[in-house]
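Novice: First, the structure itself, so that you have it in front of you.
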Amino acid sequence: MTSVDRNKIAVLLKEEAGKTVMAKGWVRTKRGNKNVAFIALNDGSTINNIQIVCDMKKFSDEEMKPITTGACICVTGQLVESQGSGQRVEIQAEEIQVYGTADPETYPLQKKGHSMEFLREIAHLRPRTNTFGAVLRIRHSMAYAIHKFFNDKGFYYLHTPLITASDAEGAGAMFQVTTLDISNPPRKEDGKVDYAQDFFGRQTNLTVSGQLEGELGALALGEIYTFGPTFRAENSNTPRHLAEFWMIEPEMAFYEIKENMDLAEEFIKYLVKYALDNCMDDLKFLNDMFDKELIARLQSVISTDFVRLTYTEGIDILEKSGRKFEFPVYWGVDLQSEHERYLVEQHFKKPVILTDYPKDIKAFYMKQNDDGKTVRAMDVLFPKIGEIIGGSQREENLEKLQNRIAELGMGTESLWWYIETRKFGTAPHSGFGLGFERLLLFVTGMANIRDVIPFPRTPKTAEF
Ligand code: 4AD
Ligand code: MG
């Protein structure tokens, strides 16, 4: 065996010709004739394959036979300037070791294009496609950029619990967490399940949002953000909903709604610019394959001021639009994706921040406006996505918060600690939540949220 260190293909493709190299990866294609074989090899480090050229005088048919699409191999050889077009350098193979074969009869990822639906059924293998390689590399870059953005601004990354006893959004769409025997749970005298005997001595669920604990952090550390998985048991089978999705929730002491909007806008623009600056190979691939306007759309977002208007003004525009929407529009209605997209795509043709929603369609913690009808909410609406961010200034007044909780008939027992922050050193503060997969839908141009997370969780699917 030649002794040389393995290099990633992303590195090799940038090296100068004229040295012995080693590459390891999965065969995308093999073609050729009696005299020469060409293998396109990919190792996930880049969308680009490296070409392996095999002089058939050096390799027997027996050796070449197991090298088929999907097989994993280790190649040693000379890095040479490529004769062909399409790549600068290629490897003239000297030795090939096969780590693992992939039977052409049964390996599902043959060369032909596959539908996204089919690829979801083989989510264990789809990361090996160009499309998912690109999406997953961009996903990684966005996660990194999120931490960098906040770290550079002096925000602290706060880890909030995944198991909670409260319903942060007051929406009730929660997955229960229990160690009780659900076929025969202990019961109290009134026949109700006796959660005192459950693991935590009370009823618990997977968190729908880290916000409430995030507020505790902000009211001590100043500016924090969370970035973790959240869970919603809503039966929404749409291209924009997951039962398990990742959310980024910054929370800031002393920010009012205006500064909250400024941060949200700066944040998204930073992330989109980061993708354009750092993920261009993958974006070009997605642009060419799926969405010819992707890169232009990303560029336009970073150079446009988002439109800011109130919910009431938005409703007015929708009512005057003359459009027949599937869901009728009136003041007080919870906006549907079709309404949001009309404002963004048809009316303004740029991202929109809507503020001051009716209090009845928003969560209990939002700061109440003096009109008694609206709260200081803000939703950021994006082309092709609809709502990408939801946030608000928080109600910092103890009495108003308590009244709202009572009005909504929510129990205060599980929220006593949250309420205490308004009793001890309360402060104006604000925050928002960015759905990580919604951001990725925008940045990658993918049409379905199931295709921007490696292993999606949706109603009736939890395979892989
Ligand atoms: O608007 P939401 O429900 O707001 C909150 O959870 C607040 N606690 C955020 C905060 O103020 N700290 O959710 C925030 C964002 C939405 O705008 C959307 O991008 C995303 O989370 N989201 C989902 N993404 C995928 N699947 C779902 N089922 C989602 N539900 C919300
Ligand atoms: Mg929302």
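Novice: From (1) of a type outside the set (A, V, I, L, M, F, W, C); (2) closer than 24 Å to M410 by Cα; (3) near ligand 1 (Cβ under 10 Å from one of its atoms); (4) in a strand (DSSP E or B), pick out the condition that doesn't hold for E215.
Specialist: That leaves (4) as the condition not met.
Novice: Do the conditions hold for D316, that is, is it surrounded by 14 or more Cβ atoms within 10 Å (Cβ to Cβ), farther than 29 Å from I146 by Cα and acidic (D, E)?
Specialist: yes
Novice: Give the residues of the range 276-285 that are assigned to a helix (DSSP H, G or I), more than 10 Å from I302 (Cβ to Cβ) and touching a residue at least 24 places away in the same chain (Cβ under 8 Å), sorted by residue number.
Specialist: Within the range 276-285, N278, D281, D282, L283, F285 qualify.
Novice: Would you check if V98 is open to solvent by 30 Å² or more (accessible area, probe 1.4 Å) and β-branched (V, I, T)?
Specialist: yes
Novice: Could you look through the range 144-191, keep only residues that are among the β-branched types (V, I, T) and open to solvent by 40 Å² or more (accessible area, probe 1.4 Å), and pick out the one that is farthest from G222 (Cα to Cα)? Reasoning before the result, please.
Specialist: Initial filter on the range 144-191 (among the β-branched types (V, I, T)): 146, 160, 163-164, 177-179, 182.
From what is left, the residues that are open to solvent by 40 Å² or more (accessible area, probe 1.4 Å) are 163, 178-179, 182.
Values: I163: 24, T178: 35, T179: 37, I182: 43 Å.
That would be I182.
Let's see how each residue does on (1) over 32 Å from the mean Cα position of the chain (by Cα); (2) closer than 18 Å to Q211 by Cα; (3) within 13 Å of ligand 2 (Cβ to nearest atom):
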| residue | (1), (2), (3) |
| --- | --- |
| V344 | no, no, no |
| K367 | no, yes, no |
| M378 | no, yes, yes |
| I388 | no, yes, yes |
| G391 | no, yes, yes |
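Novice: If you check T129 against the conditions, is it more than 30 Å from S430 (Cβ to Cβ), touching a residue at least 12 places away in the same chain (Cβ under 8 Å), among the hydroxyl-bearing types (S, T, Y) and open to solvent by less than 40 Å² (accessible area, probe 1.4 Å)?
Specialist: Yes.
Novice: Any residue at all in the range 338-348 that's open to solvent by 10 Å² or more (accessible area, probe 1.4 Å), charged (D, E, K, R), closer than 28 Å to Y255 by Cα and assigned to a loop (DSSP other than H, G, I, E, B)?
Specialist: So far as the range 338-348 goes, no, none of its residues is open to solvent by 10 Å² or more (accessible area, probe 1.4 Å), charged (D, E, K, R), closer than 28 Å to Y255 by Cα and assigned to a loop (DSSP other than H, G, I, E, B).
Novice: In the set F267, F306, which member is surrounded by 18 or more Cβ atoms within 10 Å (Cβ to Cβ), among the aromatic types (F, W, Y) and closer than 18 Å to I146 by Cβ?
Specialist: When all the criteria are applied, what remains is F267.
Novice: Go over the candidates T444, T426 one by one and state the one that is buried (at least 22 other Cβ atoms within 10 Å of the Cβ), of a type in the set (S, T, Y) and more than 16 Å from ligand 2 (Cβ to nearest atom).
Specialist: Just a single option satisfies the conditions, and that option is T444.
Novice: In the range 115-168, what residues are small (G, A, S) and within 19 Å of T461 (Cβ to Cβ)?
Specialist: Hits for the range 115-168 are S115, A123.
Novice: Could you grab me the full set of residues in the range 25-48 that are crowded, with 17+ Cβ neighbours inside 10 Å, of a type in the set (D, E, K, R) and over 29 Å from the mean Cα position of the chain (by Cα)?
Specialist: Within the range 25-48, just K30 meets the criteria.
Novice: A follow-up question, please. Determine whether I419 is farther than 27 Å from R297 by Cα and in contact with a Leu (Cβ under 7 Å, 6 or more places away or on another chain).
Specialist: Working: farther than 27 Å from R297 by Cα: yes; in contact with a Leu (Cβ under 7 Å, 6 or more places away or on another chain): yes.
So I419 fits the description; yes.
Novice: Assess whether E463 counts as being away from ligand 2 (no atom under 16 Å from the Cβ) and more than 30 Å from G133 (Cβ to Cβ). Even if it seems obvious, please write down each step before you answer.
Specialist: Details: away from ligand 2 (no atom under 16 Å from the Cβ): yes; more than 30 Å from G133 (Cβ to Cβ): no.
No: the conditions fail for E463.
Novice: Return the residues of the range 178-214 that are within 13 Å of R232 (Cα to Cα) and β-branched (V, I, T); say none if nothing qualifies.
Specialist: Across the range 178-214, the qualifying residues are T207, V208.
Novice: Could you tell me which of the residues E234, E244, E223, E256 is open to solvent by less than 50 Å² (accessible area, probe 1.4 Å) and either over 20 Å from the mean Cα position of the chain (by Cα) or within 10 Å of ligand 1 (Cβ to nearest atom) (or both)?
Specialist: Only one candidate qualifies: E223.
Novice: Starting from residues that are within 30 Å of K384 (Cα to Cα) and without any contact (Cβ under 8 Å) to a residue 60 or more places away in the chain, keep the ones in the range 192-220 and report whichever is surrounded by the fewest Cβ atoms within 10 Å (Cβ to Cβ).
Specialist: Ranking the qualifying residues of the range 192-220, first place goes to L206.
Novice: From the list L415, L398, L408, pick out the single residue that is touching a residue at least 12 places away in the same chain (Cβ under 8 Å), touching a Lys or Arg at 6+ places or on another chain (Cβ under 7 Å) and surrounded by fewer than 23 Cβ atoms within 10 Å (Cβ to Cβ). It would help to see each step written out before you state the result.
Specialist: Details: L415 fails: touching a Lys or Arg at 6+ places or on another chain (Cβ under 7 Å); L408 fails: touching a Lys or Arg at 6+ places or on another chain (Cβ under 7 Å).
Within the list L415, L398, L408, the selection yields L398.
Novice: If you go through the range 360-386 one residue at a time, how many are open to solvent by 50 Å² or more (accessible area, probe 1.4 Å) and within 30 Å of S166 (Cβ to Cβ)?
Specialist: Residues that pass the stated criteria total 5.
Novice: Just checking, how many residues over the range 71-120 are of a type in the set (A, V, I, L, M) and assigned to a strand (DSSP E or B)?
Specialist: 9
Novice: Here is a follow-up. What's the number of the only condition in (1) touching a helix residue (DSSP H, G or I) at 6+ places or on another chain (Cβ under 6 Å); (2) farther than 24 Å from E223 by Cα; (3) among the hydrophobic types (A, V, I, L, M, F, W, C); (4) within 16 Å of ligand 2 (Cβ to nearest atom) that I361 fails to meet?
Specialist: If we test I361 against (1) touching a helix residue (DSSP H, G or I) at 6+ places or on another chain (Cβ under 6 Å); (2) farther than 24 Å from E223 by Cα; (3) among the hydrophobic types (A, V, I, L, M, F, W, C); (4) within 16 Å of ligand 2 (Cβ to nearest atom), just (1) comes out false.
The values are calculated or read from the model by the stated rules, or taken from the named source; none is laboratory data. Just so it is clear, the structure is predicted and the values come from calculations on it, not from any experiment. Here the Cβ is made from the backbone with ideal geometry for all residues, glycine too, and neighbour counts use every protein chain on show. Remember, those area values only see protein heavy atoms, side chains included, never the ligands or the DNA or RNA. Shrake-Rupley method; radii C 1.70, N 1.55, O 1.52, S 1.80 Å.
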